[in-house]
């Protein structure tokens, strides 16, 4: 009851505060109070802008007007959003945030626990889905940067789905306590991209859990391989630009639905819902650098890997800055090639097709990504590709075509570049 009263009191207090700041009085807003209300992270509304979206500005480019993506969770989103400490983040990627891509899936289970024995039924997980991803790392010590430093702070993550599947939980709800550049016995000080963050809260009705991690880029670290396995993607993490973070995110909510949990822990039923996945995010490459690469007719070559939640593949991308085009190839669970255009700091595909000539398979889908780092040291992104295989038709047997869809994050790093007054790196 005490917990419930606290939540109710916090909500009432929030309503009174909102009324004080935003109340209409003869068609005027009390702007003096805007410095006391945060719209995202530690940014006050008075410092926010409706026309600037920071590094995320290039991710959303509608035909006209401002970005109009609906707030995740709106219209049937998050039934468990009851935390008075909820972080509100405006659309787009705010200053100080790292922007990127993710694959996520929803899962749930129903279980019964009684006197030392348990029964649990897990509903089948949904397939992996593509999403934009926002990561907000806020160190307590401002000297901790993307590439150096170690200390405590907080992390907030958020999903903005690219497809029709809505995440059960679209964000971490609150900023999660984090250790940057090390922690838990790590003796490195490599900054914001390397972190561990988790938080949990148990109440009379259940418990909530949120977490996120950022793998170390050190060649001596096994963090990435311990989670995703050995392969091209894990190797790409080790060689990534310091302004790139790669890792995991997770949120779970368990609700006790019946039983005698509150007294003697004897018997209860519970339901658990979960959203988890993998992400690639970072600081987008400045436009000034990309414009310089275009003016000098630079051609850059990138190598790395992809990860679809189960297996890794190899990815090679070639970029031509002057015409603003790119082409790449993906091998592994799916063998395809893609090409497209560069817009700002982003790449997107115009065409996806079979990698090998004479293939009996046809391909469809999309690839999109972003240049990261001050000198476009890495490209991170997501692909959703469907392969349709049509076996040869015999005179007596006609087999139906079969399809396979893969959604994966990818990360490639610059190997070398050539062009006007440029020596291979």
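Here is a list of conditions, (1) under 22 Å from residue 373 (Cα atoms); (2) surrounded by 17 or more Cβ atoms within 10 Å (Cβ to Cβ); (3) in contact with a helix residue (DSSP H, G or I) (Cβ under 7 Å, 6 or more places away or on another chain), and residue 312 meets all of them except one; can you say which number that is?
Here residue 312 clears every test but (1).
Against the definition (under 35 Å from the mean Cα position of the chain (by Cα), assigned to a loop (DSSP other than H, G, I, E, B), farther than 16 Å from residue 359 by Cα and modelled with pLDDT under 90), how does residue 425 come out, yes or no?
Considered against the rule, which asks whether it is under 35 Å from the mean Cα position of the chain (by Cα), assigned to a loop (DSSP other than H, G, I, E, B), farther than 16 Å from residue 359 by Cα and modelled with pLDDT under 90, residue 425 comes out as yes.
Scan segment 286-309 for residues that are within 18 Å of the chain's Cα centre (by Cα) and either part of a loop (DSSP other than H, G, I, E, B) or farther than 19 Å from residue 368 by Cβ (or both) and report the count. Before the answer, list the steps.
Here is the first cut: in segment 286-309, the ones within 18 Å of the chain's Cα centre (by Cα) are 305-309.
Still in the list and also either part of a loop (DSSP other than H, G, I, E, B) or farther than 19 Å from residue 368 by Cβ (or both): 308-309.
Residues flagged as within 18 Å of the chain's Cα centre (by Cα) and either part of a loop (DSSP other than H, G, I, E, B) or farther than 19 Å from residue 368 by Cβ (or both) within segment 286-309 amount to 2.
Hey, among the residues in segment 118-131 that are in contact with a strand residue (DSSP E or B) (Cβ under 6 Å, 6 or more places away or on another chain) and in a loop (DSSP other than H, G, I, E, B), which one's modelled with the highest pLDDT?
Within segment 118-131, the match that is modelled with the highest pLDDT is 128.
How about segment 210-226: which of its residues are more than 16 Å from residue 193 (Cα to Cα) and part of a helix (DSSP H, G or I)?
225, 226
What is the number of the single condition among (1) in contact with a strand residue (DSSP E or B) (Cβ under 9 Å, 6 or more places away or on another chain); (2) at pLDDT 95 or above; (3) surrounded by fewer than 22 Cβ atoms within 10 Å (Cβ to Cβ) that residue 361 does not meet?
Just one mismatch for residue 361, condition (2).
For residue 332, only one of the following conditions fails: (1) modelled with pLDDT under 95; (2) on the phi < 0 side of the Ramachandran plot. What is its number?
The failed condition is (2).
Is it fair to say residue 322 is crowded, with 24+ Cβ neighbours inside 10 Å, in contact (Cβ under 8 Å) with a residue 24 or more places away in the chain and either under 30 Å from residue 353 (Cβ atoms) or in contact with a helix residue (DSSP H, G or I) (Cβ under 7 Å, 6 or more places away or on another chain) (or both)?
no
Let me confirm something: among 174, 168, 154, 134, which residue is in a loop (DSSP other than H, G, I, E, B), within 30 Å of residue 272 (Cα to Cα), at pLDDT 95 or above and within 21 Å of the chain's Cα centre (by Cα)? Steps first, answer last, please.
Values: 174 fails: at pLDDT 95 or above; 154 fails: in a loop (DSSP other than H, G, I, E, B); 134 fails: in a loop (DSSP other than H, G, I, E, B).
Result of the check over 174, 168, 154, 134: 168.
So which of 237, 227 is surrounded by 24 or more Cβ atoms within 10 Å (Cβ to Cβ), in the same structural domain as residue 139 (by TED's automatic domain parsing) and at pLDDT 95 or above?
Of 237, 227, the one residue that is surrounded by 24 or more Cβ atoms within 10 Å (Cβ to Cβ), in the same structural domain as residue 139 (by TED's automatic domain parsing) and at pLDDT 95 or above is 237.
Among the numbered criteria (1) over 29 Å from residue 416 (Cα atoms); (2) assigned to a loop (DSSP other than H, G, I, E, B), which one does residue 241 miss?
Exception for residue 241: condition (1).
The values are calculated or read from the model by the stated rules, or taken from the named source; none is laboratory data. Computed from a predicted structure; not experimentally measured. All Cβ positions, glycine included, derive from the backbone under ideal geometry; neighbour counts span all protein chains shown.
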